[in-house]
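The values are calculated or read from the model by the stated rules, or taken from the named source; none is laboratory data. The structure presented is a predicted model; accordingly, all values stated were derived computationally and were not measured. We place every Cβ from the backbone using ideal geometry, glycine too, and count neighbours over all the protein chains shown.
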Amino acid sequence: MSKKISPVKRKFVSADPDKCVGCGVCEYACSSDKEKVYNPIKSRIRVVRLNPLVNMSITCRLCEDPACVAACPRDALKQSEEDGTILIDEEKCNGCGWCIEACDYGAVALHPEKKVVFICDLCKGKEKQQCIAWCPEEALDLETSETLAQKARVAAVKKLFQEAMTPAKEEKK
Amino acid sequence: MLGYAGRILRVDLTSGKIETEPLNEELAKKYIGGIGLGMRLFLDNSKPGTDPFSPDNPLIVATGPLSGTMIPTGGNGHAFVSKSPASFGIGEAKSHGTFGTEMKRAGYDAIIITGKAEKPVYLWIDDDAVHIMDAQHLWGKSSAETEDTLQKELGDFYIRVASIGPAGENLVRVACILNEKTRAAGRCGLGAVMGSKKLKAIAIRGTKDVQVAKMDELKDFIKVIHERMKGPAARKYRTLGTPENVLVLNALGALPVNNFTYATFKNADKISGEYLNERFVAKIIGCNSCAMRCEHTVVVPEGQFKGTMTRMEYESLWALGPNCGVDRLDVISKAMDLCNQYGMDSISAGGIVGFAMDLYEHGILTSEDVGGLDLRFGNYEAELELLKKIAYREGIGDVLADGVRMAAEKIGKGAEKYANHIKGVEMTGYDIRGLKTAALGYAVSFRGADHNRHGAYAPDVKGSVDRFKAEKGRGKLVREIEDMYTVIDSLIVCKFSRGTYYDGFKDLAKYYVLATGVEMSPQELMLAGERINNLGRLINIREGLSRKDDSLPYKIMHVPIPDEGVSKGAHVTQEELDLLLDDYYEVRGWTSDGVPTLEKLKELGMEDLADIVEGK
């Protein structure tokens, strides 16, 4: 029990949308490390660009009571008590895709050849997550729900007091 | 041969025949990929003298051996090649973003499109499955609308689309081919070639793996380049971006204003890169695989055009701004956005508007000729209106849509003196009257007026040569940069990354070897660069171009810069141009007519193309 981490302290990979430029280096870092090929559809993190201003990479959020685990009819998925990652039993998984449908973040994907699902495992055994290590914009980092909430609060207050935060710019107008 | 997909796709729109063939590996090594391989495939699949709008004129799109990999800027490019309806010589244009990446994963090094469809169609390439689809519902739409519609219809957000807008459909000779809404294969009017084939778009999805020969070593090298990209070599692109040039060129008296009437702009501060970044740039984004990010996305903050969002680079800013006497960034942003909506090369489009304004100011075009538009320099409303007329070939727009060279021929009355073009392709934003190394580079560029075939403005602007002087030695300078640039466009990596290759061809050869597993020394790669420049030349010779076409616009040669300051009086005389050309041809190993000799072709392993130069 000593190793078990409380859900609010679980660290997952998160992108800062202000910094993310949608370059997809994280996808290449992931697929080349995990699969020895360059192919975004084999990456555990995916980029979404809605328009030039809206870019973000998304991967597993290590949810509490994860929907993917609940959805699996074959008990192929379970959540690691140690770090919250989703463990996949490739023998049991038959690629039905219910977990893909259940995930609110699109963080589960089906391997095109192996026909089993794959999910971010935080590069277990490596010194650093490869997407974080390679991100040229330093937009990716390990976050917890606590640190994210804190950042959101700061951003919200900044926005509320935008004018007071940027007096210099106001004067220039 | 890893890196390459190993396959070429052929589509004939007349017969509907679709087939694939293996990539010729010898050809691939000799011509690399991108524009090199594309131009060679063009040469082998076309007949001399074919009209650019004939079904027999092939339109080729090529990726490079690095496309689809993690190599920064190398993963994402694609090149279109065809006979240009503007120059009637070789036309090539690259674009970046993600289209080339997807094409490589679909498993194609090149796509050769011939024929002409009866009704509007688009090409849907889903890995190995290739379909010619009805596009009547897309005809008339902008590239952005086309992309959104196709992603929705085909049901995949990650499908990539390269398409033409109304200008391409209307055979406007400056039409471009856009992908991801703001990225254009802009120059040489290749969008009109696509339009002539009734091909609205190429939609592509690739799910295959891209494998490289030495993954671990390649990643180590990529890490090195990533670090360099954080340093001074990429500073400009990461900060102010190319619009930094506005004040730099203005200070040098090399910023063309009012269709090359002046070389300095009194309101340069209002359109500077500094001002743009301060007030307009909302975010700087990056292409696939890039570790630099350069794409300055602007959002107009206030006024009539509030909310207009577009990408902004120096060349477009210049063409649609100072070249037309316009000093408002909101207008320039709107004009840029319109060029994207219509699918026109913003450089040439701005060149044409400036040309029309010049003719109007000199009474060569009257108010009646132009449908009542007040085409004085600086009238931004008239500029926006004229862009539309050109795209839809309405009124005077129908004449101007053929580019400044053909329009001047039609208008007569000395209009050619105001037509700033080389080989029928409109000038770009450097006043080369006082940049004489660049002047040579522009004159000999195989795709017509262009700064991106040679980058020969660099020694002039940096001051490593006397920029007002034409002298021997400039030929060598131009040749060296040209050979590097053709390699950059063939691999394909981004020109903005050129400064990060500290060891030049050695670095680029390393990329090639690690990705493909094929041996390639820096010297061999340099030779390939030379080979590709000769190839461009050979195609132009086959199409009837010669020394006389290595010329400069009338104003550059006959109207000295009038502005007070360092550049005053500068222009390029015929004598100077001849000296520069002779010097260049000599270092190229060409005859005094600019024709590659048989010995040169043998040295480059191009004996198979000797028939083109025989008797010339």
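A few notes on this one:
- Among the residues of segment B:439-461, just one is part of a loop (DSSP other than H, G, I, E, B) and among the hydroxyl-bearing types (Ser, Thr, Tyr), namely B:Ser445.
- Whenever a residue of segment A:132-148 is within 19 Å of A:Arg10 (Cα to Cα) and away from every other protein chain (no Cβ under 14 Å), its partners that are hydroxyl-bearing (Ser, Thr, Tyr) and crowded, with 16+ Cβ neighbours inside 10 Å, lying with C-beta atoms within less than 8 angstrom and at least six residues away or across chains, give the pairs A:Asp141/A:Ser14; A:Leu142/A:Ser14; A:Glu143/A:Ser14; A:Leu148/A:Ser14.
- Only residues that are farther than 13 Å from B:Gly499 by Cα and within 12 Å of another protein chain (Cβ to nearest Cβ) were counted across segment B:221-237, and they come to 2.
- Wholly within segment B:117-219, helices (runs of 4 or more DSSP H) carrying at least 2 residues that are over 25 Å from A:Cys23 (Cβ atoms), over 19 Å from the mean Cα position of the chain (by Cα) and away from chain A (no Cβ under 14 Å): B:143-154, B:166-169
- Residue that is farthest from the other protein chains (Cβ to nearest Cβ) [pool: residues in segment B:65-91 that are part of a strand (DSSP E or B) and of a type in the set (Val, Ile, Thr)]: B:Ile90
- Restricted to segment A:1-17, and to residues there that are over 13 Å from the mean Cα position of the chain (by Cα) and touching a residue at least 60 places away in the same chain (Cβ under 8 Å), the residue that is farthest from the other protein chains (Cβ to nearest Cβ) is A:Lys4.
- All told, B:Tyr314 meets the bar of being touching a residue at least 40 places away in the same chain (Cβ under 8 Å) and either in contact with a Ser or Thr (Cβ under 7 Å, 6 or more places away or on another chain) or among the polar types (S, T, N, Q) (or both).
- Scanning segment B:545-600 for residues that are at positive phi and at pLDDT 95 or above yields B:Gly569, B:Gly589, B:Gly594.
- Residues that are in a loop (DSSP other than H, G, I, E, B) and more than 7 Å from chain B (Cβ to nearest Cβ) within segment A:35-55 comprise A:Ser43, A:Arg44, A:Ile45, listed in sequence order.
- Residue within segment B:368-383 that is among the basic types (Lys, Arg) and part of a loop (DSSP other than H, G, I, E, B) present: yes
- Residues in segment B:468-497 that are without any contact (Cβ under 8 Å) to a residue 60 or more places away in the chain and not acidic (Asp, Glu): B:Lys469, B:Leu477, B:Ile481, B:Met484, B:Tyr485, B:Ile488, B:Lys495.
- In segment B:277-294, the residues that are within 7 Å of chain A (Cβ to nearest Cβ) form Cβ pairs under 8 Å with partners that are among the aromatic types (Phe, Trp, Tyr), at six or more places apart or across chains, as follows: B:Ser289/A:Tyr28; B:Arg293/B:Tyr237.
- Inclusion of B:Lys94 among residues that are under 28 Å from B:Asp220 (Cα atoms) and within 14 Å of chain A (Cβ to nearest Cβ) is not warranted.
- Wholly enclosed strands (runs of 3 or more DSSP E) of segment B:220-331 bearing at least 2 residues at negative phi and among the aliphatic types (A, V, I, L, M): B:281-285, B:295-299
- For B:Gly253: the one exception among (1) within 14 Å of chain A (Cβ to nearest Cβ); (2) among the small types (Gly, Ala, Ser); (3) touching a residue at least 40 places away in the same chain (Cβ under 8 Å): (1)
- Among the residues of segment B:204-235, just one is without any contact (Cβ under 8 Å) to a residue 60 or more places away in the chain and touching a helix residue (DSSP H, G or I) at 6+ places or on another chain (Cβ under 7 Å), namely B:Met215.
- Residue in segment A:57-68 that is at pLDDT 95 or above, part of a strand (DSSP E or B), touching a strand residue (DSSP E or B) at 6+ places or on another chain (Cβ under 8 Å) and within 14 Å of another protein chain (Cβ to nearest Cβ) present: yes
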